[in-house]
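The values are calculated or read from the model by the stated rules, or taken from the named source; none is laboratory data. Predicted model, so just to flag it, every value in this text is computed and none were measured. No Cβ is skipped: glycine too gets one built from the backbone with ideal geometry, and neighbour counts run over all protein chains shown. Ligands, DNA and RNA are excluded from the accessible area calculation, which covers all protein heavy atoms including side chains. Shrake-Rupley method; radii C 1.70, N 1.55, O 1.52, S 1.80 Å.
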Amino acid sequence: MTKAYGAYAADKPLEPLTITRRATGHHDVKIEIAYCGVCHSDLHTVRSEWAGTLYPCVPGHEIVGRVTEVGHHVSKFKVGDLVGVGCMVDSCRECDDCKEGLENYCEHMVGTYNGPTQDAPGHTLGGYSQQIVVDENYVLKIKHSADQLAAVAPLLCAGITTYSPLRHWNVGPGKKVGVVGIGGLGHMGIKLAHAMGAYVVAFTTSESKKAEAHKLGADEVVVSKDPEQMAKHTKSFDFILNTVAASHNLDIFTALLKRDGTMTLVGVPADPHQSPNVSILIGKRAAIAGSMIGGIAETQEMLDFCAEHNIVADIELIKAEQINEAYERMLKGDVKYRFVIDSSTL
């Protein structure tokens, strides 16, 4: 039996639960969870703001800890290894997406929580818990030092969600890159784009965030509510990473793209964005795209890149019993920039 935190219904607060994990199978890795990051997706799911939540719901897909047991056929990990688990714990392994290492786009991807499984209670239970058992093919190696482990946790979602589009659209030296929103995702986007060698411009609606954005690695900071500041950057961006998960006017940012520039959205708003002005896109052969986390191989690449460049998330460590308060603060944007649960408090 394993102690966890979760909810029994959408209108109930998260509370202490006792859950059962499966026995370690031949290809499984058992992990003692040290820390688990808190993602906005956790809140959306536990409160049934996205359809299909199964209860009891134990969220958490930014998991880091140590291996305590391995199955007989496990070859990639050994007891004592520092490891992570991100947003998925299985996929079909047979479709074109899986074969190309893009399991995140598999139609049968199994989420770390609220996904179908033969284990009780019939759906996966996430990282707000003391331990988890995961197939070795969906476990990641962590090369950061142990004292950085809590701040590594958000890399498993916020890190890969921003790294994947930056890599896919070839961000690097000589490229001018915008990052819209300075939150859990945006602060990682700034750090990663800076480490990749791009010229980074952060966009915020808050004048007060300018100094923080510069500290994160932004070369320039633009207050997006100021038309004059925005106009100075017209037709100058190779790529814009838009991390804002609230409905907003996309045109003010697509106007800043160069010919053949792309703005990629990684946030899912509760209400659709305003319909974009297509003439802006047609006139520059520009694109609005989307991107969702990354495959296992790319997530490992991201973790290695972050270890090499000493990149971690900016976090606030909380006790498990503070999770409901953390959700309310997260809704107000009152966190810099990611909450992480200390699993020892379970």
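Tabulated data
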{"read-out": "Residue in region 1-28 that is most open to solvent (accessible area, probe 1.4 Å), counting only those that are among the aliphatic types (A, V, I, L, M) and in a loop (DSSP other than H, G, I, E, B)", "value": "Met1"}
{"read-out": "Of all residues making up region 331-345, the number that are on the phi < 0 side of the Ramachandran plot and either surrounded by fewer than 20 Cβ atoms within 10 Å (Cβ to Cβ) or of a type in the set (Lys, Arg) (or both)", "value": "9"}
{"read-out": "Tally, over region 45-69, of residues that are under 18 Å from Ile323 (Cα atoms) and either open to solvent by less than 30 Å² (accessible area, probe 1.4 Å) or of a type in the set (Lys, Arg) (or both)", "value": "11"}
{"read-out": "Candidate set from region 245-262 (those that are assigned to a loop (DSSP other than H, G, I, E, B) and in contact with a helix residue (DSSP H, G or I) (Cβ under 8 Å, 6 or more places away or on another chain)); member that is farthest from Val201 (Cα to Cα)", "value": "Ala245"}
{"read-out": "In region 143-177, residue farthest from Gln300 (Cα to Cα) [restricted to those that are open to solvent by less than 20 Å² (accessible area, probe 1.4 Å) and outside any helix (DSSP H, G or I)]", "value": "Val177"}
{"read-out": "Region 76-109, residues that are hydrophobic (A, V, I, L, M, F, W, C), outside any loop (DSSP other than H, G, I, E, B) and open to solvent by 20 Å² or more (accessible area, probe 1.4 Å)", "value": "Leu82, Val89"}
{"read-out": "Some residue of region 304-319 being buried (at least 20 other Cβ atoms within 10 Å of the Cβ) and in contact with a strand residue (DSSP E or B) (Cβ under 8 Å, 6 or more places away or on another chain)", "value": "yes"}
{"read-out": "For Thr68: the one exception among (1) outside any loop (DSSP other than H, G, I, E, B); (2) among the polar types (S, T, N, Q); (3) under 18 Å from Thr18 (Cα atoms)", "value": "(3)"}
{"read-out": "Residues that are without any contact (Cβ under 8 Å) to a residue 60 or more places away in the chain and among the aliphatic types (A, V, I, L, M), drawn from region 1-45", "value": "Met1, Ala7, Ala9, Ala10, Leu17"}
{"read-out": "Some residue of region 225-233 being in contact with an Asp or Glu (Cβ under 8 Å, 6 or more places away or on another chain) and in a loop (DSSP other than H, G, I, E, B)", "value": "no"}
{"read-out": "Residue list for region 309-341, filter: assigned to a helix (DSSP H, G or I) and either without any contact (Cβ under 8 Å) to a residue 12 or more places away in the chain or among the aromatic types (Phe, Trp, Tyr) (or both)", "value": "Gln322, Glu325, Tyr327, Glu328, Arg329"}
{"read-out": "In region 224-257, the residues that are of a type outside the set (Val, Ile, Thr), over 24 Å from Ala158 (Cβ atoms) and open to solvent by 20 Å² or more (accessible area, probe 1.4 Å)", "value": "Lys225, Asp226, Pro227, Glu228, Gln229, Ala231, Lys232, Lys235, Ser236, Asn249, Asp251, Ala255"}
{"read-out": "Leading residue by the ranking (surrounded by the fewest Cβ atoms within 10 Å (Cβ to Cβ)) among those in region 187-198 that are closer than 10 Å to Leu216 by Cα and in contact (Cβ under 8 Å) with a residue 40 or more places away in the chain", "value": "Lys191"}
{"read-out": "Complete set of residues in region 199-213 that are open to solvent by 10 Å² or more (accessible area, probe 1.4 Å) and outside any strand (DSSP E or B)", "value": "Thr205, Ser206, Glu207, Ser208, Lys209, Lys210, Ala211, Glu212"}
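Conditions (1) open to solvent by 30 Å² or more (accessible area, probe 1.4 Å); (2) touching a residue at least 40 places away in the same chain (Cβ under 8 Å); (3) over 24 Å from Met109 (Cβ atoms), marked per residue:
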site	(1), (2), (3)
Asp260	yes, no, yes
Val268	yes, no, no
Ser279	yes, no, yes
Glu298	yes, yes, no
